[in-house]
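Just below is one structure, and these are the notes that go with it.
The values are calculated or read from the model by the stated rules, or taken from the named source; none is laboratory data. Computed from a predicted model, the values in this text were never measured in an experiment. When we count neighbours, we look across all protein chains shown, and the Cβ atoms used for this are built from the backbone with ideal geometry, even at glycine.
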Amino acid sequence: MAGRIEDYALVGDGRTAALIGRRGSVDWLCWPRFDSSACFAALLGTEDHGFWALFPAEAGAEESRTYRSGSLVLETCYATPTGEVRVTDYMPANDGSHLVRIVEGLTGSVAMRMRLSVRFDYGLAVPWVSHNELGDLRAISGPHKVVLRTPVPLRGEDQTTVADFAVAAGESVAFTLSYGLSHEDDPPPIEPRKVLFETDRYWRDWSIRCARGTPWDEVLQRSLLTLKALIYQPTGGIVAAPTTSLPEELGGVRNWDYRYCWLRDSTFTLIALMDGGYIDEARAWRDWLVRAVAGNPEQAHILYGIAGERMLPEIELDWLPGYEGAKPVRIGNAAVDQFQLDVYGEIFDALFQARQRGLLGDRDGWRVGLALLRHLETVWTEPDEGIWEVRGGRRHFVHSKVMAWVAFDRAIRAYEDGDAPDAPVDRWRATRDRIHAEVCQKGFDPELGSFVQFYGGKSLDASLLLIALVGFLPQDDPRVVGTVAAIGRTLMRDGLVLRYDTEDQATDGLPGGEGAFLPCSFWYADNLIGLGRREEARAMIERLIGLSTDLGLLSEEYDVEAKRLVGNFPQAFSHVTLVNTILNYARAAGPAKERCEG
């Protein structure tokens, strides 16, 4: 059975990532890309669906783990009655084909056991296992191949590869699992300890550039390291999470594939990277964004594959029982075909913020932008599925209209800064003013003293917390103040903010509920900061940081009743908003102020 979500650690190489549980089991790994099929899928099923465990043979060992400072190298120490060992896990940086596990004896002598069960195609395909001419174990199925190299003798038991060995103080044993294509030569061997040094140095050299001067510098650095691990280095695309189908409600059906890139995360991510000190990564993300949306503006999607792919059909894997029984398990994401107005605002805000921070664009990027705006002029009046990708039908969501306003506002400001030649700016201003007036008239409920989720409705929505953060209205506008207060009264659970009322199935379109979506609570803290309520904001930030794992990782949501992290893990959006909120608190002109004022 898979562990709790918060019991997993992440190691990655800039192309994919593995999740490793406290008991030393790799329960999730997709090779060679984040969105490839998994060869270890026990996270969403059982050991029958693939895992790689490395642990003391004697039960009851005391475990402690940590990342090396400023690094994505994981170290887990086990204390047993006979001695202590350390297991070091890492994936060579920017490599994409190796997962290395090194066991070192610290004191005494410890009996260890290794169990490897490769199951390609998300646990469906049992490979043919053999040995190559050098004695390395080789597992092949269809196009896939993995090779295990170790000096420890291996044997087979019930379609699982097993090794029993002992490590004494001062000794070490390495295991290297390498991925390759079955029709090609085996992946070349590496020197595990030499590559460990190089990988650790790579992460340290990167993380040392992280912004400083906040009350939570270590938290900030760890979140930025996590974001770096979720960047697909060849393209600059950032996956929302390295997992699929970890449930938003334990035992529920809200199980989605997050191994793709969402446009709505664009501005938040760009600002987090740039203000965190990482211009190159921000530039790569900006360039990925422009390439992804290039083409017919009527065919723009809300999410794309990590290389910009547009065909991401949603499929259910019925042979997997799901995380703690949460079915269905899905790969692909049907939201790719939804219409969501807010992404236009995110695109233009991201490009505008990039230029404000010195990332100059090119003429092709501006031409793409002009085409998108011409399309937006014709569609902003239409209902959409909204930021939360509801499956209950389209509505006139207030946040969507606000972000349509943002698109025209940022285009106008680019023109006023001299960055947008030959622009129909008078027409843009008229459209911007019309959207603003309509939202204030139809999206605000005087009886509630708050903006509402959609025109004519009475429900609230945490996305309304972005109204001031994007500059639609000033933070101290009574309508904004009233909205923040109403959300605090209505959507707050145990100090955390829900996205909206998921029990309203007419809007939501799905049964059951979900945990508190963590970025919403960070947005609430941002509003508290803007309103000068810094003590309340700091308390909320501390509360949210306290929800992170012992390794500083956050998932998508938190179940306030079960007191557990839920949803895909680790979640880029949670870490992005954590970074931005920390910087908002620590700086007089933080990301929120910079974003709304330009």
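Worth a mention:
- Long-range neighbours under 8 Å by Cβ, at least six apart or interchain, first residue at positive phi within segment 328-350, second surrounded by fewer than 22 Cβ atoms within 10 Å (Cβ to Cβ): GLY332/LEU312; GLY332/PRO313; GLY332/GLU314; GLY332/ILE315
- Residue in segment 290-299 that is nearest to GLU309 (Cα to Cα), counting only those that are of a type outside the set (S, T, N, Q) and part of a helix (DSSP H, G or I): ALA292
- When residues in segment 458-479 are screened for being touching a strand residue (DSSP E or B) at 6+ places or on another chain (Cβ under 8 Å) and either modelled with pLDDT under 95 or over 16 Å from PHE268 (Cβ atoms) (or both), 6 of them pass.
- Candidate set: segment 351-382, residues that are without any contact (Cβ under 8 Å) to a residue 60 or more places away in the chain and of a type in the set (Lys, Arg); chosen: the one nearest to GLU438 (Cα to Cα): ARG367
- Residue match in segment 190-212 (condition: touching a Cys at 6+ places or on another chain (Cβ under 8 Å) and modelled with pLDDT of 95 or more): no
- The helices (runs of 4 or more DSSP H) found wholly in segment 172-289 and carrying at least 3 residues that are surrounded by fewer than 24 Cβ atoms within 10 Å (Cβ to Cβ) and without any contact (Cβ under 8 Å) to a residue 40 or more places away in the chain occupy 192-207.
- Hits in segment 155-164 - residues which are in a strand (DSSP E or B) and either surrounded by fewer than 18 Cβ atoms within 10 Å (Cβ to Cβ) or out of contact with any strand residue (DSSP E or B) (no Cβ under 9 Å at 6 or more places or on another chain) (or both): ARG155, GLY156, GLU157, THR160, VAL162, ASP164
- Consider segment 396-426 and keep the residues that are aromatic (Phe, Trp, Tyr) and within 30 Å of the chain's Cα centre (by Cα). The one that is surrounded by the fewest Cβ atoms within 10 Å (Cβ to Cβ) is TRP405.
- Considering residues of segment 307-348 that are outside any loop (DSSP other than H, G, I, E, B) and aromatic (Phe, Trp, Tyr) only, the residue surrounded by the fewest Cβ atoms within 10 Å (Cβ to Cβ): TYR323
- Failed criterion for SER521 (all others in (1) among the small types (Gly, Ala, Ser); (2) surrounded by fewer than 24 Cβ atoms within 10 Å (Cβ to Cβ); (3) on the phi < 0 side of the Ramachandran plot; (4) without any contact (Cβ under 8 Å) to a residue 60 or more places away in the chain hold): (2)
- With respect to (1) closer than 25 Å to ARG65 by Cα; (2) buried (at least 24 other Cβ atoms within 10 Å of the Cβ), the lone exception for LEU551 is condition (2).
- Boolean, MET91 is more than 28 Å from ASP35 (Cβ to Cβ), touching an Asp or Glu at 6+ places or on another chain (Cβ under 8 Å) and either buried (at least 18 other Cβ atoms within 10 Å of the Cβ) or of a type in the set (S, T, N, Q) (or both): no
- Only listed residue being of a type in the set (A, V, I, L, M) and modelled with pLDDT of 95 or more, chosen from ALA588, ALA516, ALA525, ALA506: ALA525
- When restricted to residues that are closer than 26 Å to CYS30 by Cα and either surrounded by fewer than 16 Cβ atoms within 10 Å (Cβ to Cβ) or of a type in the set (Val, Ile, Thr) (or both), segment 294-306 contains 2.
- Summed over segment 33-59, residues that are buried (at least 20 other Cβ atoms within 10 Å of the Cβ), more than 22 Å from the chain's Cα centre (by Cα) and part of a helix (DSSP H, G or I) total 1.
- Residue in segment 65-76 that is among the basic types (Lys, Arg), surrounded by fewer than 18 Cβ atoms within 10 Å (Cβ to Cβ) and out of contact with any Lys or Arg (no Cβ under 6 Å at 6 or more places or on another chain) present: yes
- Of the residues making up segment 580-598, those that are assigned to a loop (DSSP other than H, G, I, E, B) and more than 16 Å from GLY471 (Cα to Cα) number 2.
- Here TRP405 fulfils each of the conditions (1) touching a His at 6+ places or on another chain (Cβ under 6 Å); (2) under 16 Å from GLN338 (Cα atoms) apart from (2).
- Any hit, segment 386-395, residues being outside any loop (DSSP other than H, G, I, E, B), surrounded by 14 or more Cβ atoms within 10 Å (Cβ to Cβ), in the same structural domain as ASP349 (by TED's automatic domain parsing) and within 28 Å of the chain's Cα centre (by Cα): yes
- Scanning segment 374-385 for residues that are part of a helix (DSSP H, G or I), of a type in the set (D, E, K, R) and either outside the structural domain of ALA294 (by TED's automatic domain parsing) or out of contact with any Asp or Glu (no Cβ under 8 Å at 6 or more places or on another chain) (or both) turns up at least one hit.
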